[in-house]
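Structure, as structure tokens:
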Amino acid sequence: MSLLQGIHGPEDLKNLSRADLKTLAEEIRSTLVETLSVTGGHLAPNLGTVELSIALHRVFNSPKDIMIWDVGHQAYIHKLLTGRYDRFSTIRQYEGLSGYCKRGESPHDYFGAGHGSTSISAALGFAVARDRRGRDENVIAVIGDGSMTGGMALEALNHAGHIGARLLVVLNDNEMSISPNVGALHHYFTNIRTNPAYVRAKARFEALALRLPMGESMVEFANKARDAVTTVGTPGLWFEELGFTYLGPIDGHNLDVLEATLEHTKSLNGPILLHVITVKGKGYSPAEENSTKFHGVAPFVIETGLSRKKSSTLPYSDVFVQALRQLARTNDRIVAISAAMLEGTGLVKFQEEFPDRTFDVGMAEQHAVTFGCGLAAHGLRPVVAIYSTFLQRAFDQVLHDACIQNLPITLVLDRGGIVGEDGPTHQGVFDMAYLRMIPNIVVMASSDEEELRRMMRTAVEHDGPVAIRFPRANSEGIPVSTEMEAIPIGQGVGLREGQDVGIIAIGSMVYPALEAADMLAHEGIQATVVNARFVKPLDAELIASTALSVPHVVTVEEGCLMGGFGSAVLEELEARNIRTPVTRIGLPDKFIEHGGRDFILDKYGLSAEGIADRISKILGKAEPTPVSASVAG
């Protein structure tokens, strides 16, 4: 039995020898690579936090002591060390372990998160609650330097320093978030690492730490560590000014240094920031050489690092960027904005061609939108590419800065709908509902690559805010035209005519709806199929004429039913006093669990077979279903 198999909880780490710990770290890295080569997941960030995770669990006593991991994609080792090794092969699989920390999964997971920059705020809440309840547990937030660029993290640092809470913030600095980090704070960390005074101080610090026994000598250690590291060359001065005791930077792969420093933090009062330097992807050469690619991976071949999945069609993110580059060649007002996701959104290819017209603002979605609004207000045509789940963080900026002022900004929502294995924190199922209620915005969803290209032209030429949504999927593989003809705002299109039922689909559900219509035809049911294209404004005339021509209407959307596209159709029919029964097919009022995208879509009736089966059952009823009873969850 391997050492890792014998770790059933943090207490099993306490008595391991240094040789055993080195072996354990190697076993953990092997387990990460072997497991994620099959399941996919966040590989590079976890490879970089192996020693840090071991040291935290040896020095502190989880679950009595509270560890909060920012985002959670660096917490796989935390899972392995807290009794979840036997289930680790199920990570991100349906009904398996979550890819993030999850309160219901383990008593060691105190706070769930899938979005960055939340850990310090949450940990400060735990620390204040601890003090009010008269308890004594340690509270630790582990945050990456990428997440530290988010405004929420800085707000929490400011608050924690102001009230002097007893709290440890471990800054895991690998110079990366998902894409390479940007911004003044990133350069600040880099200056600390490269300061010659720091290099000398770091050597003194580590030599000292290695000599010190654990115990009474920690008092001397505290004084010398502080003199050696936080005052020579003033690294950490910014944190000190915020009210934190700053320690570091230290080598995040040296267990002796890590444990000595973490042990020392227990003797200090007030907020502490420990700056730890790690290598993202450490121990697996393909991930070390390309940590951005291996941040989050699909199943891959271990020997080469190449993906196991091959597709003959482009991902929609690539289609989007190709269209944007083509448009930008003839329109120099177009600029692109990313919030730490140049690779994920495909904008890195735009940056290669237009480096001076590409802006990565860091993990700061709110700033990304309002920055874009400023550009738009002064004559440019900004395109802000953000995952649907992350645009939720900038809802107020979309409403207040973009839409009230009716500015010409394009919001490109990648991964709209089910994203699969990342689960509830990442499912992009709410965007159509929360965007369509805002005045002035145009909301579109593309059904294929040709339509996405046309929507891009429509958006950058429109004198107002536009959102375009597409799924986490590969495109349909249809031929695309060289020219991108704009689509008139609010114009849908009929794709098929039938007298028995009208299927009104949006975005990624258009092709499954057409397949469902083919299946229904074999049952003698003839379906009209409409591609709505627009969530807002609806093609009201097309929808009304469809509803008047069939005995039953079915709407299909890869999004939440509550307030979503189907609700918009119902509202339009009600306004026109059209009483054709309507059934809505979409996602219910719940947070959708993790699992493969196709599996989840099928589970909730959003596959072609599911749509056809639902319609067949509806039309097989003896009596027409009244509108009030036909809205389906």
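For segment 154-170, the tally of residues that are closer than 18 Å to ASP65 by Cα and of a type in the set (A, V, I, L, M, F, W, C) stands at 5. Counting only helices (runs of 4 or more DSSP H) that fall entirely inside segment 20-108 and contain at least 3 residues that are out of contact with any Cys (no Cβ under 8 Å at 6 or more places or on another chain) and farther than 21 Å from LYS266 by Cα, the qualifying elements are 44-47, 76-80. Beta carbons closer than 6 Å, at least 6 apart along the sequence or on distinct chains, pair a first residue in segment 279-293 that is farther than 20 Å from ASP173 by Cβ and without any contact (Cβ under 8 Å) to a residue 60 or more places away in the chain with a second that is among the small types (Gly, Ala, Ser) and not in a helix (DSSP H, G or I) for PRO286/GLY305. Quick one: how many residues across segment 113-141 are out of contact with any Gly (no Cβ under 7 Å at 6 or more places or on another chain) and either assigned to a loop (DSSP other than H, G, I, E, B) or not assigned by TED's automatic domain parsing to the domain that holds SER53 (or both)? So the count comes out to 8.
I'm checking my understanding of the structure. Among residues of segment 267-311 that are of a type in the set (D, E, K, R) and surrounded by 19 or more Cβ atoms within 10 Å (Cβ to Cβ), which one is farthest from the chain's Cα centre (by Cα)?
LYS282
Determine, yes or no, whether ASP448 is buried (at least 24 other Cβ atoms within 10 Å of the Cβ) and among the acidic types (Asp, Glu). Considered against the rule, which asks whether it is buried (at least 24 other Cβ atoms within 10 Å of the Cβ) and among the acidic types (Asp, Glu), ASP448 comes out as no. Taking segment 396-407 as the range and being surrounded by fewer than 23 Cβ atoms within 10 Å (Cβ to Cβ) and either assigned to a loop (DSSP other than H, G, I, E, B) or within 20 Å of the chain's Cα centre (by Cα) (or both) as the test, the residues that pass are ASP396, GLN397, ILE404, GLN405, ASN406, LEU407. Applying the condition of being among the small types (Gly, Ala, Ser) and within 21 Å of the chain's Cα centre (by Cα) to segment 416-468 and asking which residue is farthest from GLY586 (Cα to Cα) yields ALA467.
Restricting attention to segment 421-431, the residues that are surrounded by fewer than 24 Cβ atoms within 10 Å (Cβ to Cβ) and small (Gly, Ala, Ser) add up to 1. If you go through segment 591-608 and keep only what is farther than 13 Å from PRO512 by Cα, in a loop (DSSP other than H, G, I, E, B) and not β-branched (Val, Ile, Thr), you end up with PHE591, GLU593, HIS594, GLY595, GLY596, TYR604.
Applying the criterion of being touching a Phe, Trp or Tyr at 6+ places or on another chain (Cβ under 8 Å) and of a type in the set (A, V, I, L, M) to the residues of segment 275-318, the residue that is farthest from GLU449 (Cα to Cα) is ALA287.
Outside the structural domain of ASP145 (by TED's automatic domain parsing), without any contact (Cβ under 8 Å) to a residue 60 or more places away in the chain, buried (at least 18 other Cβ atoms within 10 Å of the Cβ) and out of contact with any helix residue (DSSP H, G or I) (no Cβ under 6 Å at 6 or more places or on another chain), is that true of ALA376?
Working: outside the structural domain of ASP145 (by TED's automatic domain parsing): yes; without any contact (Cβ under 8 Å) to a residue 60 or more places away in the chain: yes; buried (at least 18 other Cβ atoms within 10 Å of the Cβ): yes; out of contact with any helix residue (DSSP H, G or I) (no Cβ under 6 Å at 6 or more places or on another chain): yes.
Yes.
Inspect all residues belonging to segment 498-515 and state whether any of them is under 21 Å from ASN406 (Cβ atoms) and among the acidic types (Asp, Glu). Looking for residues that are under 21 Å from ASN406 (Cβ atoms) and among the acidic types (Asp, Glu), one finds none in segment 498-515, hence no. The number of residues in segment 113-135 being in contact with a helix residue (DSSP H, G or I) (Cβ under 9 Å, 6 or more places away or on another chain) and surrounded by 18 or more Cβ atoms within 10 Å (Cβ to Cβ) comes to 13. Just so you know, in segment 247-266 the residues that are assigned to a strand (DSSP E or B) and free of Cβ contacts under 8 Å to residues at least 60 places away in the same chain include one that is surrounded by the most Cβ atoms within 10 Å (Cβ to Cβ), and it is LEU247.
The values are calculated or read from the model by the stated rules, or taken from the named source; none is laboratory data. What you see is a predicted model, and the numbers here were worked out from it, not measured in a lab. Don't worry about glycine lacking a Cβ; one is built from the backbone with ideal geometry, like all the others, and counts go over all protein chains shown.
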